[in-house]
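The values are calculated or read from the model by the stated rules, or taken from the named source; none is laboratory data. Computed from a predicted structure; not experimentally measured. For neighbour counting, all protein chains shown are included, and Cβ atoms are generated from backbone atoms with ideal geometry for every residue, glycine included. Just the protein is used for accessible areas: all its heavy atoms, side chains included, with ligands, DNA and RNA removed. Shrake-Rupley method; radii C 1.70, N 1.55, O 1.52, S 1.80 Å.
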Amino acid sequence: MFDFRITAKDPHSSARSGRFETPHGILETPLFAPVGTRATVKALTPRDLYELGASLVLANTYHLYLRPGTDLIQDAGGLHGFMGWSKPILTDSGGFQVFSLALMRKIDADGVTFRSQIDGSLHRFTPESAIAAQEALGADIIMCLDECAEPLDRDYNEAALARTHAWAARCKAAQRRADQALFGIVQGGIFPDLRKASASMLRGLDFPGYAIGGLSVGETKDQMYATLDVTVPELPAFRPRYLMGVGAPEDILEGVARGVDLFDCVLPTRVARNGGLLTGRGRMNLRNAQYAADPLPIEPGCACYACQHFSRAYLRHLFKAGEILGLHLATIHNLHFELQLMREIRMHISAGTFTAFKAQFLAEYRLPDQESRHAQRARYAQRLRERDNR
Ligand SMILES: [Zn+2]
């Protein structure tokens, strides 16, 4: 179990394709995992996800631990039975959400105490309890408890990394189930020496897979790519590599080119619910007046159900009228776009044409305004700092 076999390598980059065996099926990599935060990919059924060709779905331990509770899900047959999804599932440890969502948090060497953002109740995660919660949920891939620090803060990253490393060893020791692959998470912000030290320490613990955490949380894209440049080569080539929380099309291509195998992100499903549609020419805002009477599909030539049956004018109407079908169809299109991108990436890696494909895709794909994105991320990081100082 958890055999990872590399099936093709791109001759002009570090991109590779592979097959990762899990108890609920083989994952073809590189792959994108839709996010089902509360054991549901918002606005879709598992049947929709099968039809879209999704292979791996992510669920959040923090949210499910708070509501409805991990014991309840275990009694209901684990996450697979509870949410009616028979293919592989990945759960995160809950650490990231404690650091980004909880109303209050206090970290010590042994774990983190926090208040639920749902009802203010007091809770505590330790490496052992994070593993126990994920063993109750029963996903195929589970994650070590880690501390996600603000990426540009050197002192904080050093302190957080010491805890993340100690917790990784304790998570490994706490694991009881042999049918779950526990991944270690490399942290260290944008600091090359910390990233290398983190990869080296985790490599020593011999995990069946390695995640790169703490990116896409406030640094620029160039800083993220530079961090991947120094981190990925430090990870074992024969294990899957997972870039957490990253899923913009341009970032997936840059990540794949650097040797990343797994991605997850709320981006395609979240922007869909705001009327943001991913197309080969960039992101399109369906709410714009220019689409009011537009008879074309979202993306001409797209094979998804939404594009095969409906016009931009109809979809815009659904959004303007607040009809839930709009959320469903927009989500279908965006996930189809991401999963189709991954199929093309795998095909081009096998054919040895990935680098040319990447260049052509990026030449046609208009990026959202970088400055406004960065400003948005910086505001988010600032809010977190203000909260922590309260
Ligand atoms: Zn479509």
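Quick one: order PHE183, PHE238 from most to least accessible surface, probe 1.4 Å. Present the calculation step by step, with values, prior to reporting the outcome.
On the way: PHE183 0, PHE238 125 Å².
Final ranking, largest accessible area leading: PHE238, PHE183.
Mind giving me the FRET efficiency for GLN360 and LEU152? R0 is 30 Å, r the Cβ-Cβ distance, nearest 0.05 is fine.
Details: r = 33 Å, r/R0 = 1.11.
With a Förster radius of 30 Å, E is 0.35.
In a simple Cβ point-charge model (Lys, Arg +1; Asp, Glu -1; nothing else charged), segment 108-221 has a dipole of about 240 debye relative to its Cα centre.
Pull out a ≥ b ≥ c, the square roots of the eigenvalues of the alpha-carbon gyration tensor of segment 14-160, then state rounded if a/c is under 1.5, prolate if not and a/b is larger than b/c, and oblate in the remaining case.
Oblate, because a/c is 1.5 or more while a/b does not exceed b/c.
The three principal axes of the C-alpha atoms in segment 214-263 carry coordinate ranges of 29, 19, 17 Å, sorted with the longest axis first. Accessible area of TYR291 (1.4 Å probe, protein heavy atoms only, ligands and nucleic acids ignored): about 30 Å². Of the whole protein surface, TYR305 contributes about 110 Å² of accessible area at a 1.4 Å probe radius.
Take the chain with all the other protein chains still there, run a 1.4 Å probe, and you get 41 Å² of accessible area per residue. Centroid-to-centroid, using Cα positions, segment 182-201 and segment 70-115 are 23 Å apart.
Once the Cβ-Cβ distance of ALA289 and TYR225 is raised to the sixth power relative to R0 = 35 Å, the FRET efficiency obtained is 0.45.
Indicate the gyration tensor shape class of the chain (rounded, prolate or oblate), computed on the Cα atoms with a ≥ b ≥ c the square roots of the eigenvalues: a/c under 1.5 is rounded; otherwise a/b larger than b/c is prolate and the rest oblate. Present the calculation step by step, with values, prior to reporting the outcome.
Working: a/c = 1.43, a/b = 1.30, b/c = 1.10.
Rounded is the answer for the chain, as its axis ratio a/c remains below 1.5.
State whether segment 87-245 is rounded, prolate or oblate according to the following rule on the C-alpha gyration tensor (a ≥ b ≥ c being the square roots of its eigenvalues): a/c under 1.5 gives rounded; otherwise a/b larger than b/c gives prolate, and the remaining case gives oblate. Please list the in-between numbers first.
Values: a/c = 1.64, a/b = 1.14, b/c = 1.45.
Because a/c hits 1.5 or more and a/b fails to exceed b/c, segment 87-245 counts as oblate.
Take every Cα-Cα pair in segment 69-153 and report what % of them are more than 18 Å apart. Tail of P(r) above 18 Å: 48 percent of Cα pairs. For ILE324, the accessible area of its heavy atoms, probed at 1.4 Å with every protein chain present, is near 130 square angstrom. The candidates HIS123, HIS12, arranged from most to least accessible area with a 1.4 Å probe in the full protein assembly, appear as HIS12, HIS123. With all protein chains in place and a 1.4 Å probe, the accessible surface of segment 173-281 carries 52 percent carbon and sulfur. Summarising the strand pairing of the chain, around 50 percent of its internal DSSP beta bridges are antiparallel. Axis of helix 370-389 versus longest Cα principal axis of the chain: the two differ by about 30°, to the nearest ten degrees.
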